[in-house]
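Every number here is computed from the coordinates shown, using simple stated rules; none is lab data. Everything quoted here is computed from the prediction, not taken from an experiment. Please note: Cβ atoms are built from the backbone with ideal geometry, for glycine as well, and neighbour counts cover all protein chains shown.
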Amino acid sequence: MITTREGSRHVTVRVPAKVNLELNVGPHRADGYHDLATVFHAVSLYDDVTVEPAADWEVVAAGPYAEQIPLDESNLALLAARRVAQAGGVDTPVRITIDKQIPVAGGMAGGSADGAAALVACDALWGLELSRPQLDAMAGDLGSDVAFALTGGTAIGSGRGESLAPVLARGSYHWVFAISEGGLSTPAVYAECDRMRGRRRIAAPEPSDDLMAALRSGDPQALGSALSNDLQEAAFSLRPPLRDLLAAGLEMGALGGVVSGSGPTVAFLAADAEGALDLAVALAAVGSAPEVKRATGPAHGAHVLSHEMTRGR
Ligand code: ATP
């Protein structure tokens, strides 16, 4: 819970983590990126980002992963806030407090989530009412996953992942996330993927029919079988114990499992809430991962939680 100074104006935005239900990686592009065909799915692990007027630009971190995030100018929430200030012609700095509940460098796009939250929070704090296309454009500039954190739900991402299209998805799903100690660097995982592919010709990526059919049906069994990630082997290569972790979760009854984004978090799908609890307990009991969290999806994108203006005395 974040508390700000009594009587001060502040806006708190809640923003979800994501898992890629499918991540198809195309060939390496001239600009260093890869074309993707991915299906993003927002889950109920949230960061809360609070902005309030301050004497200087500042980032403060709280929560279990607070020590792992940069508090300098590279923080995505700070970059986002400065962008909104520039677009809105605002010259008053803000303090940004991030209650960090999304694992850092875990393949769950926590940094991007904070960027999206700061866009929405600053827009509300300053009453700018920026249009959705304006926010989407800023999100796309900030990073590949920021636009999805604004949108939430389940969506197809193409380009670098910033170009989103709706997907017909039914049902609500129960997830268990096995969180490893020490993150994996996203560029390092892509580089390993390229290295492992060598000179093999890689086709333009496309979302798979199996996954689309599974999402339309709302059947967790079908979704479990359709999960896939082209970065998974690269993540295993850089962090071999992840292969055993995935196998362990499947043996314990998960309907499916996949490395989340560039890892090292492994996402397991359970049949229902009870199945997720059983799986989480079993994974924790064998000590396969230092931390195990449950969540449901799809979750809403970045949204204002509380908006408090100056209180009269
Ligand atoms: P990806 O979006 O590529 O899946 P990830 O989920 O693996 O990324 P993040 O938690 O987004 O990883 O963090 C990646 C890096 O971004 C961190 O190592 C950190 O240096 C940087 N970063 C910048 N701002 C933030 C932030 N607000 N929260 C977390 N990390 C941040």
(request) Looking only at the range 80-115, count how many residues are near the ligand (Cβ under 9 Å from one of its atoms), of a type in the set (S, T, N, Q) and in contact with a strand residue (DSSP E or B) (Cβ under 7 Å, 6 or more places away or on another chain). (result) 0
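Residues are listed down the side, and each one gets a yes or a no for (1) aliphatic (A, V, I, L, M); (2) within 13 Å of the ligand (Cβ to nearest atom); (3) not in a helix (DSSP H, G or I):
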site: Val39; (1), (2), (3): yes, no, yes
site: Val49; (1), (2), (3): yes, yes, yes
site: Glu73; (1), (2), (3): no, yes, yes
site: Leu78; (1), (2), (3): yes, yes, no
(request) Could you please give the count of residues in the range 234-259 that are over 20 Å from Asp219 (Cα atoms), touching a residue at least 24 places away in the same chain (Cβ under 8 Å) and buried (at least 16 other Cβ atoms within 10 Å of the Cβ)? (result) 8
(request) Please specify each residue of the range 52-66 satisfying the condition of being within 13 Å of the ligand (Cβ to nearest atom) and in a strand (DSSP E or B). (result) Val59, Val60, Ala61, Ala62
(request) Residue by residue through the range 148-185, note down the ones that are within 17 Å of Ala116 (Cβ to Cβ) and within 12 Å of the ligand (Cβ to nearest atom). (result) Phe148, Ala149, Gly157, Arg160, Gly161, Glu162
(request) Six or more apart or on different chains, Cβ under 9 Å: which pairs go from a residue in the range 104-130 that's over 19 Å from Ala85 (Cα atoms) to one that's more than 10 Å from the ligand (Cβ to nearest atom) and of a type in the set (Phe, Trp, Tyr)? Could you list them? (result) Gly106/Phe177; Met108/Phe177; Ala109/Phe40
